[in-house]
Structure formats: structure tokens, C-alpha cells
Amino acid sequence: MKHHFKCPNCRSENSVKISENDRGEYQIKKGEFADVLCKFCHLKTKIHINKVYASVDNFPIYIALGISLVITLGLLFVSDKVIIITGAGTAAPILTYGNEKSIVNAFNKYKIKE
């Protein structure tokens with residue numbers, strides 16, 4: 001999961017590192033505001049955690065795709081059950097994407113009362 005915010009000064013989209021899974025968890029550990037630095041105008045400021053939004057990170061999906069591709073190709077040489085093997089091989093990246101999407105949706109839906 002990647003986290004982004006828009007700079008209040010130049011309105012450019014920036015990324016920020018947040019290890020918590022939702023805004024409530026972030027509020028408990030670090031408060032309602034995040035210290036951020038704009039990569040374009042270099043403004044260092046605090047923004048409310050509700051201004052931060054999440055998007056799906058494709059890296060875990062690519063890792064799952066690579067692992068399932070290697071396992072699928074290896075099993076195709078050993079077994080003759082092509083349909084079962086390819087179905088199981090395509091399930092891992094799809095399940096990984098579904099998991100990432102549900103985590104992103106949970107982060108974006110939960111808002112902190114101001």
C-alpha cells in the first residue's frame with residue numbers, strides 16, 4: 001500500500017511513508033497530523049491524516065505473479081493436469097490484488113473526526 005498527499009502550497013502529488021494500516025491506528029501512535037515534505041516545492045509542513053490517501057502497491061502483485069509463474073511452469077513439466085495447475089497459478093496474483101485492494105479501501109474509508 002502506498003500513501004499519497006497533495007501539497008497545500010503547489011498542489012503536486014507526493015508520497016509519504018506510513019506503516020500503520022488505517023488512520024485510527026496512526027492517530028493512536030502518532031497523532032492527527034503527519035510531518036511531510038513536498039518533493040517539488042520543498043515545503044515542510046504538517047497535514048491532517050485525513051488528507052493522506054492510499055493506493056494499491058503493485059510490487060507484491062508482481063512478486064506473487066513471478067512466484068506463481070515459476071511454480072506453474074515447474075508443475076507443468078511434472079504433471080499433465082494443465083487446467084488445474086494454470087487455475088491455481090493465476091489465483092495467487094488475483095488473491096494478492098484483492099487483499100491489497102481491501103486494505104487500501106479500509107484505509108481510505110476510515111476518517112478521523114476533526
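The values are calculated or read from the model by the stated rules, or taken from the named source; none is laboratory data. Not measured: the values here are computed from a predicted model. Positions of Cβ are backbone-derived with ideal geometry, glycine not excepted, and every protein chain shown enters the neighbour counts. Heads up: the accessible areas ignore ligands, DNA and RNA and are worked out on the full protein's heavy atoms, side chains in. Shrake-Rupley method; radii C 1.70, N 1.55, O 1.52, S 1.80 Å.
For Lys30 and Val78, what does the FRET efficiency come to when R0 = 41 Å and r is the distance between their Cβ atoms, rounded to the nearest 0.05?
Computed FRET efficiency for Lys30 and Val78 comes out at 0.25.
How large a share of the accessible area of the range 1-92, in percent, is made up of carbon and sulfur atoms when the probe is 1.4 Å and the other protein chains stay in place?
About 63 percent, which is the carbon plus sulfur part of the accessible surface.
What do you get for Rg/Rh over the chain if you use C-alpha atoms and the Kirkwood form of Rh?
1.18
If you look for lysine pairs in the range 31-114 that are eight or more places apart or on different chains, how many of them have Cα atoms under 14 Å apart?
Lysine pair count for the range 31-114: 4.
Roughly how many Å² is the accessible area per residue of the chain, as a whole number, for a 1.4 Å probe?
That works out to 69 Å² for each residue.
Using the membrane-span-like helix rule (whole DSSP H runs, Cα extent along the own axis of at least 20 Å, mean Kyte-Doolittle hydropathy at least 1.0), which helices of the chain qualify?
Span-like helices, by this rule, are 59-78.
Based solely on its DSSP helices, what 222 nm [θ] is calculated for the chain when runs of n ≥ 4 H residues each add -39,500 (n - 2.57) and the sum is averaged over all residues, nearest 500 deg cm²/dmol?
-16500 deg cm²/dmol
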